[in-house]
Amino acid sequence: MHTMTLFDPAWLIHVGTALLLIGYFIRDELKLRVMIIVSSAVFNFYYWLVPDPPLWDAVLTGFLMIGVNLWVLSQVLMDRTTFRLSADERHLFSMLGSLTPGQFRRLMRIGRWSAQEDTEPRALTREGQPTDRLYYIVDGEAAVGKQAQTFALPEGHFIGEIAYVRDSAATADVWAKQGARLVEWDVRELRALGEKYPALGNAVAALLTKDMADKLAVSYRGNAPAPA
């Protein structure tokens, strides 16, 4: 039996328990995981230093706990930070604005970058025809043809948002001009992603609604297209 002194390693079991209990009172998952990792490490020191021989099964279990929580902690950090995003992805993330880093990462897993290098514009949507893609202009501009008029659609706008929201045909002809860079998503994959992650689906819907509202606000001034 151990004599309890201020520096007795047997105190480690009490320190580990205290840290674990404090962690359970923390609602923030990042801080909770850190507390569990630290408390597991303290328990491991106890199982190694105090018993003779050390409790190797308990030490192994402690390492497994630390490993699992480190993995979960890394996922939490990826959801909250822009760590390891490329320069292009950081630029796009800042343009979209309202998504969390985690939502943005999930969105970009099914997104595809494309660049219009040819001088001949590339058709993206045709009025009255179904479209299976949603586009976002990152750089450059697109041309929108609607009601016998053609307008320039600058960067920072979606293409095909009405067709996506209403699950209907495209409402305008849109072409990507030379120099334009876009991100595109398969509509079915995007809907499936929104169903799997409802918060992300709501965030995408909010982005599209804002984009349509911005286009309508400008179109009433007569110098830009209505939503496409």
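When you filter the trypsin sites (Lys or Arg not before Pro) in the range 67-124 for DSSP loop state and at most 10 other Cβ atoms inside 10 Å of their Cβ, you are left with R84. Across the range 11-80, C-alpha contacts under 8 Å between residues 6 or more apart give a mean separation that, scaled by the residue count, equals a relative contact order of 33 percent. Where does the charge balance sit around T81 when Lys and Arg score +1, Asp and Glu -1, over other residues with C-beta under 13 Å from its C-beta? Net local charge, T81 excluded: +2. For W11 and N202, calculate 0.36 nm times their separation in residues minus their Cα-Cα distance, and state this gained length in nm to one decimal. Value of the extension gain: 63.8 nm. Based on Cα contacts under 8 Å between residues 6+ apart, the chain shows a relative contact order of 16 percent. How would you classify the range 11-80 from its alpha-carbon gyration tensor, with a ≥ b ≥ c the square roots of the eigenvalues: rounded for a/c under 1.5, else prolate if a/b is greater than b/c, otherwise oblate? Note, shape of the range 11-80 comes out oblate. Would you mind calculating the relative contact order of the range 16-132 from Cα pairs under 8 angstrom and at least 6 residues apart, reporting the percent as a whole number? Once normalised by length, the contact order is 18 percent. Among the DSSP helices (H) of the chain, those spanning at least 18 angstrom by Cα along their long axis with an average Kyte-Doolittle hydropathy of 1.0 or more are 11-24, 29-49, 56-80; this is a geometric and hydropathy rule only. Comparing L55, L92, L153, which has the greatest mean-square fluctuation in the GNM of the chain with Cα pairs linked when under 10 Å apart? Fluctuation is largest for L55. What's the whole-number percent of alpha carbon pairs in the range 87-219 lying beyond 22 angstrom? When all Cα pairs of the range 87-219 are counted, 32 percent exceed 22 Å.
Each value in this text was obtained by applying a stated rule to the coordinates, not by laboratory testing. Because the structure is a prediction, the values reported are computed rather than measured. Cβ: placed from backbone, ideal geometry, glycine included. Neighbour counts: every protein chain shown.
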